[in-house]
Amino acid sequence: MNNMEPSTLAAFDREFGLAELLAGIPREKLQKTLVLLLGGAFRLVDANGAALIGAAAPMSGARRAPLALELEPIGYLECACADESRLQSGSLMLELLLRGVARYKMASGLHLEAVQADFEKLGRKHAALEESEARYKALSEQLEQRVREQIGVIEDTSRQLYQAEKLASVGRLAAGVAHEINNPIGFVRSNLSTSLSYVAKFAALGAALKAGQPGRAAWNELDLDFVLEDFGELLQESVTGADRVAHIVADLKGFSNVDRGEEEMADLNDSLRQACSVIEGQLPRGVTLVRALGEIPRILCLPGYLNQAFLNLLENAVQAVADGGEVKVQSQCADNEILIRISDNGCGIPDDVLPRIFEPFFTTRDVGQGTGLGLPVVRDIVQVHGGRVEVESHAGAGTSFTIHLPIN
């Protein structure tokens, strides 16, 4: 009882009046029952003497029996014709009926109060849940907004990092290409300088002939037989050098559209040839580049991006080999995939380093010598094409990177 709500305790302590209790009993049946029991007319009055059933005025010579509820009289049963025994029987029957009605009313009240209390409690819980839901919804919207902002920052950073790696690669590429172009340009310039001296000799011959000197003597004096013979060779060497420069420039075109986002049908063997041609200018003395390109179908792809991936792997391979080393480039079809394998017989990758090679910014080179983005960029480019990169390496035995690209 001590744990009950005050309203529940009040329901137990409530006092009921006779009129209230009689309202819960069918009046006609009660009257008939009491008349039969008492043998005649009767009167029911409340504790204040007010008549509730029967004659309004007191009955002459009537006996009175109290009607008690919880030890307190709440009314009286009066009858003039009944003896004491019948009157007590009638009052006892009424008390039983009244107690039953009182208990029913008490239980009904408790039930209603309990239902109301539960309803109010549920209402409070519902309101709390709605408030909590509103808070979580607002929090969720804030988190979603923050996630969108962070995704934007990450995407911007990724673009910047990719741009940084691309610029670094372009710088390395430019250095190698500059060296590769300088060789043919150098002997072309040398040949042109020599050609100028030869042209000067022919000009001197023309001047001598105009002055009336014997032609043969002037020809021999200027050694024009050697000039004519060497001039053709100089021009042929210059044409060869110019062709080499044109070939390098043509290969570089494959790397000039790395930012193009449109897919196109491309032969990856052409991309590999271009990358190999560009990297040849960076080969250290004694290093051999071997090509073993098989027949592969053209696929829909982003050629500029794949060229970048191939070049990154070739650069790593070239840097890993020493004098007398070999870098090998292979292509083939297997299981509805195109396999591009770039391998070397260089120093290999240590076992403790191998799991981290695709981590952005991870590099084993000295500060300023590498960005640590070359291999992550390769992996991302290949994954964009629905492919994957596999690596196999053993310290001191070389490394092999295999790119798997779906044909369909």
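Every number in this text was worked out from the coordinates using simple rules, so none of it is lab data. The model shown is predicted, which means the values in this text are computed figures rather than measured ones. All Cβ positions, glycine included, derive from the backbone under ideal geometry; neighbour counts span all protein chains shown.
Run the quick spin-label model on S132 and T194: label points 7 Å from Cα toward the beta carbon, then report their separation in nm to one decimal.
9.2 nm
For I299, I357, which order do you get if you count the other beta carbons within 10 Å of each Cβ and list the fewest first?
Listing I299, I357 from fewest to most nearby Cβ atoms yields I299, I357.
Exposure proxy check: F119, F310 ranked by fewest other beta carbons within 10 Å?
Exposure proxy ranking, most exposed first: F119, F310.
Could you please rank L97, L192, placing first whichever residue has the fewest other Cβ atoms within 10 Å of its Cβ?
The order, fewest Cβ neighbours first, is L192, L97.
Length gain on complete extension for the stretch R298 to L37, per 0.36 nm per residue less the alpha carbon to alpha carbon distance?
Using 0.36 nm per residue and subtracting the Cα-Cα distance, I get 82.6 nm.
Would you compute the Debye intensity of region 22-73 from its alpha-carbon atoms alone, equal scatterers and no solvent, and pass along log10 I(q)/I(0) at q = 0.16, 0.27 Å⁻¹ to two decimals?
Cα-only, vacuum Debye calculation for region 22-73: -0.52, -1.33.
Please enumerate, by chain and number, the aspartates and glutamates with C-alpha under 15 Å from the C-alpha of K125, excluding those fewer than 8 residues away in the same chain.
Qualifying aspartates and glutamates at Cα under 15 Å: E133.
Using 0.36 nm per residue, how much length does the chain from D270 to D83 gain when fully extended, once their Cα-Cα distance is taken away?
My answer for the length gained is 54.4 nm.
Restricting to Cα pairs below 8 Å that are 6+ residues apart, what does the relative contact order work out to for region 18-127? Please round to a whole percent.
Result for region 18-127 is 24 percent.
If one computes the Cα centroid of region 260-331 and of region 84-146, what distance in Å separates the two points?
Computed from Cα coordinates, the inter-centre distance equals 81 Å.
Per the Cauchy relation, a quarter of the hull surface: what is the mean projected area of the convex hull of the alpha carbons in region 18-127, in nm²?
8.3 nm²
Rounded to the nearest 0.05, what FRET efficiency do D118 and V153 give with R0 = 56 Å and r taken as the Cβ-Cβ distance? Could you check?
0.65
Using only the alpha carbons, work out the radius of gyration and Dmax of region 260-406 in angstrom.
When restricted to the Cα atoms of region 260-406, Rg and Dmax are 14.8, 42 Å.
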